[in-house]
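The values are calculated or read from the model by the stated rules, or taken from the named source; none is laboratory data. Remember, predicted model here, so these are calculated numbers, not experimental data. Note that each Cβ is placed from the backbone with ideal geometry, even for glycine, and that neighbours are counted across all protein chains shown. When the accessible area is computed, the model is the full protein with side chains, heavy atoms only, and any ligands, DNA or RNA have been set aside. Shrake-Rupley method; radii C 1.70, N 1.55, O 1.52, S 1.80 Å.
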Amino acid sequence: IKARWSLESTLSRYMEQPRATSVTALHRLDEIPPGATHVCLLSKGTILAAGRVDDVLDSERVSALYEVPILLSKRNGRFQYERA
């Protein structure tokens, strides 16, 4: 947890710089940093959806991605999920 929070802090500071870009591969939606602007959902080498975070991430797409019914929500800038 300490290392994860340290990395997030470093990335957040970096992303505050003008014209900063970061590409991060994640498997957990709750690890998407609050400052992220775009996301690309990949499944088995195929792009399922891509675009602005709030336009792409919804319960339907995330359920299709993980092949299980998921209820997606957002709290304090972080995505949370539970079984639908």
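List of remarks:
- Per DSSP, loop GluC sites (Glu not before Pro) in region 1-79 with at most 12 further Cβ within 10 Å: Glu16, Glu67
- Accessible surface, 1.4 Å probe, highest first, among residues Val23, Val68: Val23, Val68
- The Cβ shell under 15 Å around Ile32 holds other residues with a net charge of +1, Lys and Arg each +1, Asp and Glu each -1.
- Ordered from largest to smallest accessible area (heavy atoms of protein chains, 1.4 Å probe), the residues His38, His27 come out as His27, His38.
- Excluding ligands, DNA and RNA, the accessible surface per residue across the chain is 79 Å² with a 1.4 Å probe.
- Solvent-accessible area of Thr37, all protein chains in place: 70 Å² (probe radius 1.4 Å, heavy atoms, ligands and nucleic acids excluded).
- Rounded to the nearest 20, the Cβ-based charge dipole of the chain about its Cα centre (Lys and Arg +1, Asp and Glu -1) stands at 260 debye.
- Local electrostatic count at Lys2 - Lys and Arg +1, Asp and Glu -1, tallied over other residues with Cβ under 15 Å: -1
- Only protein heavy atoms count here; on that basis, with a 1.4 Å probe, Leu57 has an accessible area of about 10 Å².
- Cα-based shape type of region 23-84, given that a ≥ b ≥ c are square roots of the gyration tensor eigenvalues and the cut on a/c is 1.5: oblate
- Under Karplus coefficients 6.51, -1.76 and 1.60, residue-wise ³J(HN,Hα) of region 9-15 in Hz, glycine/proline x: 5, 4, 5, 4, 5, 4, 5
- Just the protein heavy atoms count here, and of the accessible area of the chain at 1.4 Å, carbon and sulfur take up 54 percent.
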